[in-house]
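Structure first, commentary second.
The values are calculated or read from the model by the stated rules, or taken from the named source; none is laboratory data. Not measured: the values here are computed from a predicted model. Every residue, glycine as well, gets a Cβ built from its backbone with ideal geometry; the counts of neighbours run over all protein chains shown.
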Amino acid sequence: MIGFLRGTIHHFGLDYLLIDVNGVGYRVSFFHPDKLSIGQEMLIYTYDNVREDERTLYGFLTIDEYDMFVKLISVKGLGPKIASNILTVASVEALTEAIQNEDLQFMRNMPGIGIKTASQIILDLKGKLVSEDNSDVDDEILVDVLEALKNLGYKPSEIKPVLKELSKEPGLSADEYLKRALAMFIK
């Protein structure tokens, strides 16, 4: 699998570019022609899509765009061309927010997306796009509580507001924090 290409833009069109990598030209499906100029040196993250009758490289400017593309094509009924078109008109941040907030109207405004596909995207990806790192939790005890809640099956998007509330009550034990967190979930 080709993970990225670093080279010089040889030629580009509305939906592709030719990048010269040490004398070898790669054709990459790329939907941001406004970001390109002939002779420009650049690094393009790539997704190598192999089918029985075709092999296509899809290109992305950032690793976040690439990650979103991979998540989008994991959705039932959503192929790489439609996923690329979505990323052409919406930023990763806007898509993440729309999916987390179950914004069907936003998703339906994407090219090639109807109500069924919009619903499927939200169903499959909600909760999977939020970072699961613990960097915004300062207290070690709260980090333990976070891990315990994850192990109980709660999603990071559900846990974050609860931890914010719990952080307003410093000095409690892990058991006390966990009991309060579970009580908040029950309400």
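In the set 67, 34, which member is under 21 Å from the mean Cα position of the chain (by Cα) and either touching a residue at least 40 places away in the same chain (Cβ under 8 Å) or not assigned by TED's automatic domain parsing to the domain that holds residue 155 (or both)? Show your work before the answer.
On the way: 34 fails: under 21 Å from the mean Cα position of the chain (by Cα).
None of the others qualify; the one that does is 67.
I want to confirm something. Restricting to region 144-173 and keeping residues that are hydroxyl-bearing (Ser, Thr, Tyr) and not in a helix (DSSP H, G or I), which single residue is surrounded by the most Cβ atoms within 10 Å (Cβ to Cβ)? If you could, list the steps in order and put the result at the bottom.
Of all residues in region 144-173, those hydroxyl-bearing (Ser, Thr, Tyr) come to 154, 157, 167, 173.
Among the residues that remain, those that are also not in a helix (DSSP H, G or I) are: 154, 167, 173.
On the way: 154: 17, 167: 14, 173: 10.
Looking at the filtered set, the residue picked out is 154.
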Exercise for review: State whether the residues of region 113-134 include one that is at pLDDT below 80 and more than 30 Å from residue 88 (Cα to Cα).
Suggested key: yes
Review point. Consider residue 87 against the criteria (1) at pLDDT 90 or above; (2) more than 15 Å from the chain's Cα centre (by Cα): it satisfies all of them except one. Which criterion is unmet?
Key: (2)
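Could you check how many residues of region 53-83 are among the hydroxyl-bearing types (Ser, Thr, Tyr) and touching a strand residue (DSSP E or B) at 6+ places or on another chain (Cβ under 6 Å)?
Initially, region 53-83 is screened for residues among the hydroxyl-bearing types (Ser, Thr, Tyr), giving 56, 58, 62, 66, 74.
Add one more test, that the residue is touching a strand residue (DSSP E or B) at 6+ places or on another chain (Cβ under 6 Å), and what stays is 56, 58, 66.
Count: 3.
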Exercise for review: Hey, can you tell me all the residues within region 71-106 that are surrounded by 14 or more Cβ atoms within 10 Å (Cβ to Cβ), of a type in the set (A, V, I, L, M, F, W, C) and outside any loop (DSSP other than H, G, I, E, B)?
Suggested key: 72, 73, 82, 83, 86, 87, 92, 95, 98, 99, 104, 106
